[in-house]
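Read the structure below first, then the notes.
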Amino acid sequence: MTTVEQPPIGFGRMHRKEDARFVRGRGTYVDDVNLPGMLHGAVLRSPFAHARIVSIDTAAAQAHPRVKAVITGQTLDGLKLAWMPTLSQDTQAVLATDKVRFQGQEVAFVVAEDRYAARDALELIDVEYEPLPAVVDARRALDPGAPVIRDDKDGQTDNHIFDWGAGDEAATDAVFASAEVVVAQDVLYPRVHPAPLETCGAVADFDAVTGKLTMWCNTQAPHAHRTVYALVAGLPEHKIRVISPDVGGGFGNKVPIYPGYVCAVVGSIVTGKPVKWMEDRSENLMSTGFARDFHMRGEVAATRDGKIRALRVKVIADHGAFNGTAQPTKFPAGFFHVFTGSYDMEAAHCAVTGVYTNKAPGGVAYACSFRITEAAYLVERMVDVLAYELEMDPAELRMKNLLRPEQFPYPSPTGWEYDSGDYPRALQLALDMAGYAELRAEQAARPPGGPLMGIGISFFTEAVGAGPRKHMDILGLGMADGAELRVHPTGKAVLRISVQSQGQGHETTYAQIVAEELGIPPDDVEVVHGDTDQTPFGLGTYGSRSTPVSGAATAVVARKVRERARQVASAMLEVDPGDLEWEKGRWYVRGDQSQGRTIQEIALASHSSLELPEGVEGHLDATTVYNPPNLTFPFGAYVCVVDVDPGTGQVKVRRFVAVDDCGVRINPMIVEGQVHGGLADGIGMALMELIAFDEDGNCLGASFMDYLLPTAMECPSWELGETVTPSPHHPIGAKGVGESATVGSPAAVVNAVLDALKPYGVRHADMPLTPAHVWRAIQGRPIRTDLAIT
Ligand code: MCN
Ligand code: CUN
């Protein structure tokens, strides 16, 4: 990788501005916030997956000399805070009152002088439980006689949450009825966890005198959180300040509102002191935003020569005990209905049923683009299953079915409009980079019975940048983002945006957008984010929406400033504004390059005594609110090569070629970093990451001893390629990329392993493909990975 010493004035590779503090250990994370008199909270959690609470005795904990408060569901009930709304219009217990519904659920909150005393006091709380049978298998959740988990909800007599579908069912059924070939496959996307480096936490500081609540919290969506707090607490928004400081990774885990945050607030109100709550690793893994847990049945209708005609999908979506997913309200299964992926077909239909189980509130988190991860994985498995049945080459089958460039903008069978793409070019580039023909020749030359190698391909289409207000809101909040740009007299600038970086490098790339539009060097542009008192309203960073929405807002606001600068320059040069031409960083008189004013000169003049034309305000600033006209649709083609030892089932990823197209790249180095991270995620999910449960609902992934994460050891040296198909509706032609590789890569790895296992007649096996699982698949006995049952 090459980097340039002199930062570009605009797009291009440059080191991240924020790294100056990160590499020196000078970041400020929530746990670095220490206020005078601050107390520490800890959460008591349920050991049972499902149990009635008979009694809670807190007397001994209260009597602990260093304990300042013990809060239970009963305390909260008195404040009408025992239950809180979730982002998907369900309710979630803040502290359990009637029952516990998953292992690790919050039962009580202790506030003490230090973290250790708080933890010690948890041991002194005596909870009497009456255990109830647990529902762990999503496919059994709707069985008659299954224990009803949400008996707190009026009229809820089973574990059903929603039925939702998309596409044309009748048209799809008609195609299936006349199809030459139909293949069906059950595909599980097991429950996984984002596992960010920094766990979730907050410091709540309620000032009883001013009535203002200040909340340091590593949230990905500070403004959305503030509005929810305002609704829950009945405080006006200006009395709540949410500060999301440096964040050590989010990956979706830090979108929801967790009971610990609310408890910290109540703890601060009750004690009159700031209260810090930081969860530990096991708490993070057991109780916060899970991902996936999609039990899918896919069916493909095709012609005998491999033209895909239709796709039909049925899904059971396991949302855990509370429906805590964060996705636009109209889409209870997220954007799963992008499941036709990158392929041209006559019809498609999906039906998704959401169910409650005795597991932590599940949902969409973990680089998911609102369920496109599951959709992309399913369709890419189905294409390979079809190739297996038709005995066709999976690359050839994909080439035959990919959307063609002339089909864009492409209206998909389930109601999307893909903005732009050249899919065959991306796939061809990936195949060329991998040396596909030689790899197949190597595979064919292998003697039977020996070490195996497999080649896996995936092609994905993402849909990111939620989203157009008329289609998309969360809890009634439309998904537009504000931006404010102010250029000081010296030509230095401050940009205020509503999205919040968790490691994506926003302080750099947003400065680069301003640099590109105004010609102010990126080092002269300060990006302010993550503080609701200092930034305009917007819905936050997830679904790779920052570039598509706030990136666009930044370009738009910079262009507004540029137009103001033109007016000022016209006064300075005494020419008509229409006679001025822009080149990066300066307005000049058309036909006379020497007559011009730089943006810095204009900035000073805009604050000076210069007489401005009628109607032109002084100073150089602007605000905007950007409502995206459509999502952006980045895409990519991935090729993975694995070596598999049939004796042990061990998989080694030998090579990984990734061609990504995210339109115009603001900072190619940051884009590559995003792709590297997502590819590692993909290897993790495909081969080792898993949150499973035993039949009593005990979580079997509650530490990094059990929840395995990929390291550099498991990752090859990534081979990256790119194509650039700009988004036609985005002001700078950029598309989001943060989740692309996580969405696209698991299927490439799984397809590669199953390609290797082909000599053993294995058509499908579910993730994660651990050595034990691969070995069993070779023996013809693949397992159900989501349950601790073999
Ligand atoms: N970028 C660019 N050119 C493009 C597209 C993006 O230079 N054409 C840059 C952006 O300017 C930004 C970064 O790449 O600096 C990611 O941009 P984008 O794709 O818009 O994604 P977001 O900034 O909205 O980040 C969210 C996305 C999500 S949803 C998850 S999950 C995830 C991901 O980012 N979480 C991450 N990447 C992560 N990376 C880190 N280090 N930490 C996380 O928690
Ligand atoms: Cu769903 S994980 Mo990202 O959208 O924050």
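The values are calculated or read from the model by the stated rules, or taken from the named source; none is laboratory data. Just so you know, these numbers come straight off a predicted model, no measurement behind them. Reconstructed Cβ throughout: ideal geometry from the backbone, glycine too, with neighbour counts over all protein chains shown. The protein model used for the area step is the full one, side chains on, heavy atoms only, and it has no ligands, DNA or RNA in it. Shrake-Rupley method; radii C 1.70, N 1.55, O 1.52, S 1.80 Å.
For the stretch 421-467 and the stretch 11-27, write down the distance between their C-alpha centroids in whole Å. First find each Cα centre; the distance between them is then 34 Å. Computed over the stretch 60-198, the Cα gyration tensor eigenvalues convert (square root of 5λ each) into semi-axes of 44, 18, 15 Å, ordered from largest to smallest.
For ILE474, the residues 5 or more places off, or on other chains, whose built amide H falls under 5 Å of its own are THR329.
Computed per residue of the chain from DSSP H runs no shorter than four, each worth -39500 (n - 2.57), the mean residue ellipticity at 222 nm is -7500 deg cm²/dmol. Comparing Cα centroids, the stretch 226-303 and the stretch 493-551 end up 22 angstrom apart. Spatial offset of the stretch 610-625 relative to the stretch 553-591 amounts to 12 Å, using the alpha carbon center of each. Under 5 Å from the amide H of GLY585 lie the amide H atoms of GLY519, each residue being 5 or more positions distant or on a separate chain, with H modelled from the backbone and absent for Pro and chain starts. Applying the criteria of a DSSP loop state and at most 12 other Cβ atoms within 10 Å to the GluC sites (Glu not before Pro) of the stretch 83-190 yields GLU123, GLU180. Under the simplified labelling scheme, the THR623-ASP207 pair shows an inter-label distance of 2.2 nm, with each label point 7 Å from Cα along Cα→Cβ.
At full extension, ASP643 and ARG297 could sit 121.7 nm farther apart than now, given 0.36 nm per residue minus the alpha carbon distance. With 10 Å bins beginning at zero, the pair-distance distribution over Cα atoms of the chain amounts to 3, 14, 23, 24, 19, 11, 5, 1, 0 %. For LEU620, the residues 5 or more places off, or on other chains, whose built amide H falls under 5 Å of its own are VAL487. Each residue, TYR29 and LYS758, gets one label point 7 Å from its Cα in the Cβ direction; the gap between the two is 4.5 nm.
Quick one: pull the percent of accessible area on the stretch 1-141 belonging to carbon and sulfur, 1.4 Å probe, ligands and nucleic acids left out.
50
Return the subset of LYS254/LYS330; LYS80/LYS254; LYS307/LYS400; LYS17/LYS492; LYS68/LYS254 for which the Cα-Cα distance in this structure is over 18 Å, preserving the input order.
In this structure, LYS254/LYS330; LYS80/LYS254; LYS68/LYS254 exceed 18 Å between Cα atoms.
Sparsely packed loop sites in the stretch 575-619 (the GluC sites (Glu not before Pro) outside DSSP H, G, I, E and B with at most 14 other Cβ atoms within 10 Å) comprise GLU611, GLU614, GLU617. Legend: residues TYR436, TYR261, sorted from most to least accessible area (1.4 Å probe; ligands, DNA and RNA excluded), read TYR436, TYR261. Derived scalar couplings between HN and Hα for the stretch 379-388 equal 5, 6, 5, 5, 5, 5, 5, 5, 4, 4 Hz in order, rounded to whole Hz, by the Karplus curve 6.51 cos²θ - 1.76 cosθ + 1.60 (θ = phi - 60°), x for Gly and Pro. Counting protein heavy atoms only, the stretch 481-626 has 44 percent of its accessible area on carbon and sulfur, 1.4 angstrom probe. In this simple spin-label model, placing a label point 7 Å from the Cα along the Cα-to-Cβ direction at both VAL494 and ARG52 gives a separation of 5.9 nm.
How about LYS239: which aspartates and glutamates have a C-alpha closer than 16 Å to its C-alpha, ignoring those fewer than 8 places off in the same chain? Here the aspartates and glutamates satisfying the reach criterion relative to LYS239 are ASP205, ASP207, ASP531, ASP533. For a paramagnetic label modelled on LYS153 (point 7 Å from Cα along Cα→Cβ), amide N atoms under 16 Å away are absent within the stretch 692-724.
Label point of ASP432 set 7 angstrom out along Cα-Cβ; within the stretch 382-422, amide nitrogens under 18 Å from it belong to 395-396, 399-400, 405, 422.
The slack between ASP533 and ARG119, meaning 0.36 nm per residue of separation minus the straight C-alpha distance, is 145.7 nm. Take the Cβ-Cβ distance between ARG140 and LYS314 as r, set R0 to 25 Å, and report the resulting FRET efficiency rounded to the nearest 0.05. Efficiency computed from Cβ-Cβ geometry: 0.95.
With the other protein chains left in place, how much accessible area per residue, in square angstrom, belongs to the chain at a 1.4 angstrom probe? Don't jump to the answer; show the numbers that get you there.
Numbers: 27810 Å² over 790 residues.
On a per-residue basis, 35 Å².
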